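In what follows, a single structure is set out as structure tokens and then discussed.
The values are calculated or read from the model by the stated rules, or taken from the named source; none is laboratory data. Since this is a predicted model, take the numbers as computed values, not measurements. Please note: Cβ atoms are built from the backbone with ideal geometry, for glycine as well, and neighbour counts cover all protein chains shown. Just the protein is used for accessible areas: all its heavy atoms, side chains included, with ligands, DNA and RNA removed. Shrake-Rupley method; radii C 1.70, N 1.55, O 1.52, S 1.80 Å.
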Amino acid sequence: MFLGASAGSVALAGAAHAASKAGASKGGAPFPKDFAWGVATAAYQVEGAAAEDGKGPSVWDVFSKKKGAIFDGNTADVACDHYHLYKQDIALMKALGVKSYRFSVSWPRVLPDGVGASNPKGLDFYSRLLDELHKNGIEPFCTIFHWDYPQALYKKGGWLNRDSAEWFAEYTTLLADKFSDRVQIWATQNEPQCFIGLGLLDGVNAPGDKLKYSEYLTAAHNAMRAHAKAVQVLRARAKDAKATKVGYVVAAQIAQPLTDKAEDVDAARAAIFAVGRHEWNNSWWMDPVLLGKYPEDGVAVAGKDMPKFKPTDLDEMKQPLDYLGLNIYKADNYKRGVDGKPEQVPVPPGYPRAGSDWEPITPGCMYWGPRFFFDRYKLPLSITENGLATRDQVCLDGKIHDPQRIDYMHRYLLELARAIKDGVPVTGYYAWSLLDNFEWADGYKQRFGLVYVDFQNQKRVPKDSFDWYKKVIASGGRSLQEKVAFPVTQVTPL
Ligand code: BGC
């Protein structure tokens, strides 16, 4: 096997798992009967209504207006207009047959200044959204924070301010009090690597800062403290504490072995938890939250830039979680180097890539990622995002044919099925994304949706991948065993 390109079975190496297949559906598919087949979106990427009904500005509202910040000067002022079209979008989810919808709340929509007075109209939007989801038998999965930080709090220092953890707790309290009667699955934050790393160190995401390394690590520390406080709030205030599931979602950086030889598996395992750069690694962002300590190699890399913090912080950061959310798109490939250390193997020229150039297509990450993370953190996993950007267009037959996306999801889901079969507990899979949407600094250049959005008139057209995923869901994953016959465009003869 090279670069995880095979979707077939690879002999297992490394630690064996106690296979727990309890609850697997009949007929050969390993997905549990109550598996959460879902789709995901995020508030800023779909809602629009950027300054409507009392919403306050977020750092993204400000950043997206800066010259050169976003591809073609795009903004998310309207995005998919989901704020007004949510019923139509929920009808699409119902037609797709999803069991669960992962969405996020816009913090400044419900708390325009980040703390203090709440905005009744903003709260009412999410209340109506939740009612509509329940009416359609779709389980809501609420991400509390997916990057649209209130500008008012940014002005007070944002994540650099130690009080930011308390601000996040106040915001979470509001959501728990208003919505925990209808939401049981919560994620505190989405991808701290991105909102801290890309936003505050690299400056390519909002608010566009390039902080000193020591400041950046302080902001990361406070974000993890905030996560922990939110967990405590949900445990204390959720209406049905027992049924409440709380997790944390990371941009999973996967290292996969080049071959299934034990030495390459060990090399990939060592690489996946090593801290090189503090942004793009796993342990720096997960060990404090899940194990109550910073990884030693990361502390050594940080050196004098290591944040100064209270001795009790690490204990507080580690709050028991119900699941770990993994956003998985791609992997780097590793083998055992001649010196015995993990050696990264570069992607060869011409290797398949997504429409967004950062993404080589490496299905094995959906097997090795969950395996390695489960081994280390011993928590049930949810695949909170996975998907592919392709250059979709409306074809002459009026449809959107996206065989690459189907092929990608097919390969990745087969690898996920293999991980589950080998005993890795995975509770759900959320396709990124329901709709083409505002892809951050790439604006509308990247289309990730199962549903095409015409941003000129907000028309939604389900793509071929929508019908394909619908079949996967309806069959509980069994249709993944079938070969794919790609549809042929029907063109009216001239
Ligand atoms: C983010 C999404 C983003 C997706 C595709 C993830 O990093 O959570 O907001 O759209 O990847 O880039």
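Residues are listed down the side, and each one gets a yes or a no for (1) open to solvent by less than 70 Å² (accessible area, probe 1.4 Å); (2) away from the ligand (no atom under 16 Å from the Cβ); (3) in contact (Cβ under 8 Å) with a residue 24 or more places away in the chain; (4) within 25 Å of the chain's Cα centre (by Cα):
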| position | (1), (2), (3), (4) |
| --- | --- |
| Pro307 | yes, yes, yes, no |
| Tyr323 | yes, yes, yes, yes |
| Val338 | no, yes, no, no |
| Pro342 | yes, yes, yes, no |
| Ala354 | yes, no, yes, yes |
| Asp357 | no, no, no, yes |
| Asp375 | yes, yes, yes, yes |
| Gly398 | yes, yes, yes, no |
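Looking at the structure I just gave you, is Tyr213 open to solvent by less than 30 Å² (accessible area, probe 1.4 Å) and not charged (D, E, K, R)?
On the way: open to solvent by less than 30 Å² (accessible area, probe 1.4 Å): no; not charged (D, E, K, R): yes.
So Tyr213 does not fit the description; no.
Where in region 419-483 are there strands (runs of 3 or more DSSP E), lying wholly inside it, with at least 3 residues that are over 19 Å from the mean Cα position of the chain (by Cα)? Counting at least 3 such residues, we get 451-454, 459-462.
Only one of the numbered conditions (1) in a loop (DSSP other than H, G, I, E, B); (2) at pLDDT 95 or above is violated by Gly38, and that is (1). For first residues located in region 182-195 and closer than 19 Å to Met317 by Cβ, partners that are polar (S, T, N, Q) and within 10 Å of the ligand (Cβ to nearest atom) and lie 6+ apart or on another chain with Cβ distances below 6 Å form the pairs Ala187/Thr143; Asn190/Thr143. Residue count for region 436-445, restricted to those that are within 10 Å of the ligand (Cβ to nearest atom) and open to solvent by less than 10 Å² (accessible area, probe 1.4 Å): 2.
Within region 229-274, the set of residues being hydrophobic (A, V, I, L, M, F, W, C), within 16 Å of the ligand (Cβ to nearest atom) and part of a loop (DSSP other than H, G, I, E, B) comprises just one member, Ala252.
Taking the criterion of being in a helix (DSSP H, G or I) and either more than 22 Å from Asp81 (Cβ to Cβ) or in contact with a strand residue (DSSP E or B) (Cβ under 7 Å, 6 or more places away or on another chain) (or both), the residues of region 130-145 that qualify are Leu130, Leu133, His134. When Pro150, Pro140 are checked against the criterion of being open to solvent by less than 60 Å² (accessible area, probe 1.4 Å) and under 27 Å from Lys470 (Cα atoms), Pro140 stands alone in meeting it. Which condition from (1) surrounded by fewer than 17 Cβ atoms within 10 Å (Cβ to Cβ); (2) among the charged types (D, E, K, R); (3) touching a residue at least 12 places away in the same chain (Cβ under 8 Å); (4) within 16 Å of the ligand (Cβ to nearest atom) is the one that Arg405 breaks? Of (1) surrounded by fewer than 17 Cβ atoms within 10 Å (Cβ to Cβ); (2) among the charged types (D, E, K, R); (3) touching a residue at least 12 places away in the same chain (Cβ under 8 Å); (4) within 16 Å of the ligand (Cβ to nearest atom), only one is false for Arg405: (1).
Among the residues in region 372-388, are any in contact with a Gly (Cβ under 6 Å, 6 or more places away or on another chain) and among the polar types (S, T, N, Q)? For region 372-388, residues in contact with a Gly (Cβ under 6 Å, 6 or more places away or on another chain) and among the polar types (S, T, N, Q): present.
Condition first: part of a strand (DSSP E or B) and closer than 22 Å to Trp284 by Cα. Now tell me which residues in region 160-185 satisfy that.
none
Residues are listed down the side, and each one gets a yes or a no for (1) among the polar types (S, T, N, Q); (2) open to solvent by less than 50 Å² (accessible area, probe 1.4 Å); (3) over 28 Å from Ser382 (Cβ atoms):
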{"position": "Tyr86", "(1), (2), (3)": "no, yes, no"}
{"position": "Leu92", "(1), (2), (3)": "no, yes, no"}
{"position": "Gly97", "(1), (2), (3)": "no, yes, no"}
{"position": "Ser106", "(1), (2), (3)": "yes, yes, no"}
{"position": "Val115", "(1), (2), (3)": "no, yes, yes"}
{"position": "Asn119", "(1), (2), (3)": "yes, yes, yes"}
{"position": "Gly122", "(1), (2), (3)": "no, yes, no"}
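Consider Pro346 carefully, then state whether it is away from the ligand (no atom under 16 Å from the Cβ) and either over 29 Å from Asp442 (Cα atoms) or open to solvent by less than 70 Å² (accessible area, probe 1.4 Å) (or both). Talk me through it step by step, then tell me what you get.
Values: away from the ligand (no atom under 16 Å from the Cβ): yes; either over 29 Å from Asp442 (Cα atoms) or open to solvent by less than 70 Å² (accessible area, probe 1.4 Å) (or both): no.
Answer is no for this residue.
Check whether at least one residue in region 195-208 is touching a Ser or Thr at 6+ places or on another chain (Cβ under 9 Å) and within 13 Å of the ligand (Cβ to nearest atom), and report yes or no. Yes, because at least one residue in region 195-208 is touching a Ser or Thr at 6+ places or on another chain (Cβ under 9 Å) and within 13 Å of the ligand (Cβ to nearest atom).
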